[in-house]
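The values are calculated or read from the model by the stated rules, or taken from the named source; none is laboratory data. Small disclaimer: the values here were computed from a predicted structure and weren't measured. Here the Cβ positions follow ideal geometry from the backbone for every residue, glycine too, while neighbour counts run over all protein chains shown.
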Amino acid sequence: MKKITAICGVLFLWAAGWAQSYVPEKNNKAIMVPNVAPVKAYAFNLSNVRLLNSPFKKAMQLDSAYLMLLKPDRLLYRFYKNAGLPVKDSIYGGWESEGLSGHTMGHYLSAISMMYVATGNNEFKKRSDYIVNELERCEQARKTGYIGAIPNEDSIFDKVAKGEIKSGGFDLNGGWSPWYTVHKVMAGLCDAYLYTNNKRALQLVTRMADWTYNTVNHLPDSLRLKMLNCEYGGMNDVLANIYAITGNKKYLNLSYKFYDEFVMGQLAKQKDPLPGKHSNTNVPKAIGSARQYELTGNKSDSTIAAFFWHTMVNHHSYVIGGNSNYEYCGKPDSLSERLSDATCETCNTYNMLKLTRHLFAYKPSAEYMDYYERALYNHILASQNPENGMMTYFVPLRMGTQKQFSDSFHTFTCCVGSGIENHSKWQLVRKFVYPFCTKMERSWFDYFTANKFPGQRYDTFLNTNGN
């Protein structure tokens, strides 16, 4: 019984969603470069499945309504302004009016592109196409290949290109984690191409990758590593994905320019570098390594990704599957000493589920999907307000605490950005061709997904049938 439950959980959760991390999918014509690493489990394309009545469908409906409520022109405010173009509306509050301006646009572009495929609602494609067209106007006005909305971005990156680099952790030449925001914009453009077939989006993100090459490729390692002291999001991941889409190895080589020694080098040696480190700065690095391994077969990349996962999950994660306290990891295996109002940042788990999907693709195991289920139900679903669809930054675990949800127009933190993506990609399939499942295991899954018990979890279903 335990094995059936685990495998059915794997089937259900693996099909529950893939996005942006581009885990292997059969017959994906948008990906030019085949994986070198052996693939043992493939994901479904979002267009091939639809949700049944369930908490996931409700979450998607709430998220869909919120995405429709947001105005693209307000998210584009600083993109226009920095490109010298007239603005069309006012700027949103929160981080969008501060140093990470533009990051929400990247997440929004990903979310609406996925929501278009997941729901078939053409309004999402119209919005995605509109945003890509407007970003192209900004790119043409700037004439460098770069598209952005970060305050003082030209000065920040001009200095980087000249080898003038100052960083105190979250600032790079006076800017708040600028590569982090660049990654979000590039990832959004990749998703607009992959999910809505917008070829302009691919052209734009490729030119952004060329701009990245011109900015950092010539830097000596001493300066490059100094630059990487500042949070840089998933730049290695998105550049590896651009290589997979275009076939141009220049972008794969460039992805390795976003490799640091103080975390990734330690992970390659199977040493835990996480105590005292900002958690969500480092999860995307492991995702990028996982993607690089799939494309190259490089054993070191595989070690980084797998060792990071096992270290984070088994030594730095709370019972709900989330990690970090006040955004940071502490001493391993001592989480009971760090219970507060600020445990389990939601962005971290958004990224951990991406990493889990990669690892499961080439090494399927119940261990990966046991974690996926735990984090999915107890953190990601719990991070959304079931009444209005708003998101929570932390899921606090200290006794007597309560969740604080975002405001519709005045918050726009990182967890709002990842939150609008979380609920755009839930999919429940009716069948799954799964090579190492027994006939009995497949029949259990098929029976569950036959719409006889909509909205129930698989383990509840099994228990009610006395098995």
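Just one of A290, A361, A342 is on the phi < 0 side of the Ramachandran plot and modelled with pLDDT under 95; which is it?
Values: A290 fails: modelled with pLDDT under 95; A342 fails: modelled with pLDDT under 95.
That would be A361, the only listed residue that is on the phi < 0 side of the Ramachandran plot and modelled with pLDDT under 95.
Let me confirm something: among E421, E387, which residue is within 30 Å of G297 (Cα to Cα), among the charged types (D, E, K, R) and either surrounded by fewer than 20 Cβ atoms within 10 Å (Cβ to Cβ) or at pLDDT 95 or above (or both)?
None of the other options fit; the residue is E421.
Look through K257, K250 and report the one residue that is among the charged types (D, E, K, R), in contact (Cβ under 8 Å) with a residue 12 or more places away in the chain and crowded, with 19+ Cβ neighbours inside 10 Å. If you could, list the steps in order and put the result at the bottom.
Values: K250 fails: crowded, with 19+ Cβ neighbours inside 10 Å.
After ruling out the rest, the residue left standing is K257.
Can you tell me which residue within the stretch 311-350, out of those that are among the small types (G, A, S) and under 20 Å from S383 (Cα atoms), is farthest from the chain's Cα centre (by Cα)?
Out of the qualifying residues, it is S340.
G17: at pLDDT below 95 and within 21 Å of the chain's Cα centre (by Cα), yes or no?
Values: at pLDDT below 95: yes; within 21 Å of the chain's Cα centre (by Cα): yes.
In short, yes.
Taking the stretch 359-384 as the search range and keeping residues that are surrounded by 15 or more Cβ atoms within 10 Å (Cβ to Cβ) and among the polar types (S, T, N, Q), which one is farthest from W176 (Cα to Cα)?
This residue is N378.
Return yes or no: is E139 touching a residue at least 60 places away in the same chain (Cβ under 8 Å) and either touching a His at 6+ places or on another chain (Cβ under 6 Å) or surrounded by fewer than 24 Cβ atoms within 10 Å (Cβ to Cβ) (or both)?
It is true that E139 is touching a residue at least 60 places away in the same chain (Cβ under 8 Å) and either touching a His at 6+ places or on another chain (Cβ under 6 Å) or surrounded by fewer than 24 Cβ atoms within 10 Å (Cβ to Cβ) (or both).
So which residues in the stretch 166-193 are at positive phi and modelled with pLDDT of 95 or more?
Selection gives N173, G174, S177.
Can you find a residue in the stretch 330-342 that is touching a helix residue (DSSP H, G or I) at 6+ places or on another chain (Cβ under 7 Å), loosely packed, with under 15 Cβ neighbours inside 10 Å, assigned to a loop (DSSP other than H, G, I, E, B) and touching a residue at least 60 places away in the same chain (Cβ under 8 Å)?
yes
Out of all the residues in the stretch 112-150, which are in a loop (DSSP other than H, G, I, E, B) and over 24 Å from the mean Cα position of the chain (by Cα)?
K143, T144
For (1) under 27 Å from A37 (Cα atoms); (2) among the aromatic types (F, W, Y), each residue gets a yes or a no:
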| position | (1), (2) |
| --- | --- |
| L267 | yes, no |
| V283 | yes, no |
| I287 | yes, no |
| Q292 | yes, no |
| T303 | yes, no |
| W309 | yes, yes |
| V319 | no, no |
| G330 | no, no |
| D341 | no, no |
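Identify all residues within the stretch 284-304 that are buried (at least 24 other Cβ atoms within 10 Å of the Cβ) and either touching a Gly at 6+ places or on another chain (Cβ under 8 Å) or not basic (K, R) (or both); write none if there are none.
Listed by number, the residues that qualify are P284, K285, A286, I287, G288, S289, A290, Q292, Y293, E294, D301, I304.
Of the residues that sit in the stretch 155-176 and are in contact (Cβ under 8 Å) with a residue 40 or more places away in the chain and part of a helix (DSSP H, G or I), which one is surrounded by the most Cβ atoms within 10 Å (Cβ to Cβ)?
Going through the qualifying residues, I end up with F157.
Is it true that E367 is over 25 Å from G94 (Cα atoms) and without any contact (Cβ under 8 Å) to a residue 40 or more places away in the chain?
yes
Select from the stretch 291-332 the residues that are touching a strand residue (DSSP E or B) at 6+ places or on another chain (Cβ under 8 Å) and over 14 Å from N280 (Cα atoms) and list them in ascending order.
Y318
For residues that are in contact (Cβ under 8 Å) with a residue 24 or more places away in the chain and basic (K, R), scanning just the stretch 93-136, find the one that is surrounded by the most Cβ atoms within 10 Å (Cβ to Cβ).
Looking at residues that are in contact (Cβ under 8 Å) with a residue 24 or more places away in the chain and basic (K, R), I get R127.
Mind checking whether some residue in the stretch 217-231 is among the hydroxyl-bearing types (S, T, Y) and in contact with a strand residue (DSSP E or B) (Cβ under 7 Å, 6 or more places away or on another chain)?
no
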